[in-house]
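Read through the structure below, which is laid out as structure tokens, and then see the notes.
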Amino acid sequence: ARATSRTSDNFHKGSRRGRAAGLNMVLTETGAAKAVSKALPELEGKLSGNAIRVPTPDVSMAILNLNLDKATTKDELNTHL
């Protein structure tokens, strides 16, 4: 849990953030997509980001969803990413 996380279900202006941090997965916002756009300006406006806070000591997850115009291979994607 973070310093701003609730320890029991309670009111929060962002309804999902009012859930008890130690008992629930909480979907919230993150600045990660903005940070990637700063490092890779060609991706500006092409990313969105969310965070899932989970009650475990250590978690890492990355999800990349792409809408492509044509079939492509992993190697072709890696060339562009």
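The values are calculated or read from the model by the stated rules, or taken from the named source; none is laboratory data. Treat the numbers as computed from the prediction; the structure is a model and nothing was measured. Here the Cβ is made from the backbone with ideal geometry for all residues, glycine too, and neighbour counts use every protein chain on show.
Filter region 40-66 down to the residues that are outside any loop (DSSP other than H, G, I, E, B) and surrounded by 12 or more Cβ atoms within 10 Å (Cβ to Cβ), then identify the one that is modelled with the lowest pLDDT. Show your work before the answer.
Quick first cut of region 40-66, residues outside any loop (DSSP other than H, G, I, E, B) only: 41-43, 51-53.
Keeping just the survivors that are surrounded by 12 or more Cβ atoms within 10 Å (Cβ to Cβ) gives 43, 51-53.
Values: Leu43: 86, Ala51: 81, Ile52: 80, Arg53: 76.
Per the criteria, the residue is Arg53.
Which condition number in (1) acidic (Asp, Glu); (2) at pLDDT 80 or above; (3) surrounded by 11 or more Cβ atoms within 10 Å (Cβ to Cβ) is the one that Asp69 fails?
Every listed condition holds for Asp69 apart from (3).
Which of the residues that make up region 25-39 are assigned to a loop (DSSP other than H, G, I, E, B) and either at pLDDT 85 or above or touching a Gly at 6+ places or on another chain (Cβ under 9 Å) (or both)?
Once the filter is applied, which keeps residues that are assigned to a loop (DSSP other than H, G, I, E, B) and either at pLDDT 85 or above or touching a Gly at 6+ places or on another chain (Cβ under 9 Å) (or both), region 25-39 yields Glu29, Thr30, Gly31.
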